Amino acid sequence: MTSPLIKQLAHLCIHTTDLQKTKWFYCDVLGAEMAFDFDKNGSLYGYYLKLGAGTFIEVFQGDPRQANGGIKHLCLEVEDIDRLAEVLVKNDIEVTDKSLGGDNAWQVWAEDPNGVRIEFHQYTKDSMQLVGGTCPVTW
């Protein structure tokens with residue numbers, strides 16, 4: 001079998017009107033790490049957030065309403081979805097109730113400070129992402 005052309009998600013780019021609040025959400029609340037900053041004319045213009053396994057979120061100063069370009073949501077895999085939900089609530093971030101999706105992955109949903117919808121997944125041994133197959137949907 002030939003190797004795929006795409007190895008993995010490299011990064012997702014979002015725009016924000018508040019670089020510090022976005023950094024707080026992803027780094028302080030969710031535990032992402034700063035990878036590097038973008039400097040424009042001596043001022044912070046954006047940064048890369050390291051999520052692990054070579055994946056990043058790229059953040060730039062700008063109007064998020066002008067930048068979503070069809071991105072419906074971002075999905076982040078987590079180790080402990082209950083702990084993640086507790087951390088979000090503790091930081092006054094609205095989060096949905098945990099549910100088991102049709103793909104057999106536990107999920108909760110929240111939004112970042114820019115209105116980017118985030119789906120958090122915790123895979124089970126039966127998650128379609130791990131076992132493959134066909135996932136019937138009703139939505």
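Computed quantities for the displayed model
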{"quantity": "Of residues in the range 17-45 being in contact with a Lys or Arg (Cβ under 8 Å, 6 or more places away or on another chain) and of a type in the set (Gly, Ala, Ser), the one surrounded by the most Cβ atoms within 10 Å (Cβ to Cβ)", "calculated": "Ala32"}
{"quantity": "Check on Val59, under 20 Å from Gln129 (Cβ atoms) and surrounded by 14 or more Cβ atoms within 10 Å (Cβ to Cβ)", "calculated": "no"}
{"quantity": "Residue count for the range 25-57, restricted to those that are at pLDDT below 90 and in contact with a Phe, Trp or Tyr (Cβ under 6 Å, 6 or more places away or on another chain)", "calculated": "0"}
{"quantity": "Within the range 62-77, considering residues that are surrounded by 14 or more Cβ atoms within 10 Å (Cβ to Cβ) and of a type in the set (Gly, Ala, Ser), the one modelled with the lowest pLDDT", "calculated": "Ala67"}
{"quantity": "Those residues of the range 46-56 which are under 21 Å from Gln129 (Cα atoms) and either over 15 Å from the mean Cα position of the chain (by Cα) or surrounded by 13 or more Cβ atoms within 10 Å (Cβ to Cβ) (or both), in sequence order", "calculated": "Leu51, Thr55, Phe56"}
{"quantity": "Out of Thr96, Thr134, sole residue that is among the polar types (S, T, N, Q), modelled with pLDDT of 95 or more and more than 23 Å from Leu19 (Cβ to Cβ)", "calculated": "Thr96"}
{"quantity": "Subset tally (residues that are aromatic (Phe, Trp, Tyr) and more than 12 Å from the chain's Cα centre (by Cα)) for the range 108-139", "calculated": "2"}
{"quantity": "Which numbered condition Glu94 fails, given (1) under 15 Å from Ile118 (Cα atoms); (2) under 16 Å from the mean Cα position of the chain (by Cα); (3) surrounded by 11 or more Cβ atoms within 10 Å (Cβ to Cβ)", "calculated": "(3)"}
{"quantity": "Residue within the range 101-109 that is surrounded by fewer than 14 Cβ atoms within 10 Å (Cβ to Cβ) and assigned to a strand (DSSP E or B) present", "calculated": "no"}
{"quantity": "Qualifying positions in the range 52-100 - in contact with a His (Cβ under 9 Å, 6 or more places away or on another chain), in a strand (DSSP E or B) and not acidic (Asp, Glu)", "calculated": "Thr55, Phe56, Ile57, Val59, Phe60, Gln61, Cys75, Leu76"}
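The values are calculated or read from the model by the stated rules, or taken from the named source; none is laboratory data. Everything numeric here is computed off the predicted structure, so don't read it as measured data. A quick note on method: Cβ atoms are made from the backbone with ideal geometry, for glycine too, and the neighbour counts reach across all protein chains shown.
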